[in-house]
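Trainee: The structure's right below; bear with me while I get my questions together.
The values are calculated or read from the model by the stated rules, or taken from the named source; none is laboratory data. Please read these numbers as outputs of a predicted model, since none were measured by experiment. Counting neighbours? That spans all protein chains shown, and the Cβs are built from the backbone with ideal geometry, glycine included.
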């Protein structure tokens, strides 16, 4: 289980480094617009998964 933790951390660092590469090649308005769009899309997806997750949990709180 600890390997999943390290794998997720490594993937997050790789993704952050890849995204940081766009900082100098893209205007800030465009960069922040893309970040905002991705975060809003992730929010909608997570919100859509709330009910199925609660159904899978059963009686747990």
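Trainee: Would you say residue 58 is free of Cβ contacts under 8 Å to residues at least 40 places away in the same chain and on the phi > 0 side of the Ramachandran plot?
Mentor: yes
Trainee: Residues 41, 10, 19: which one is modelled with pLDDT under 90 and surrounded by 10 or more Cβ atoms within 10 Å (Cβ to Cβ)?
Mentor: That would be 19, the only listed residue that is modelled with pLDDT under 90 and surrounded by 10 or more Cβ atoms within 10 Å (Cβ to Cβ).
Trainee: Scan the range 22-38 for residues that are exposed (fewer than 10 other Cβ atoms within 10 Å of the Cβ) and either in contact with a strand residue (DSSP E or B) (Cβ under 8 Å, 6 or more places away or on another chain) or assigned to a loop (DSSP other than H, G, I, E, B) (or both) and jot them down.
Mentor: 23, 24, 25, 27
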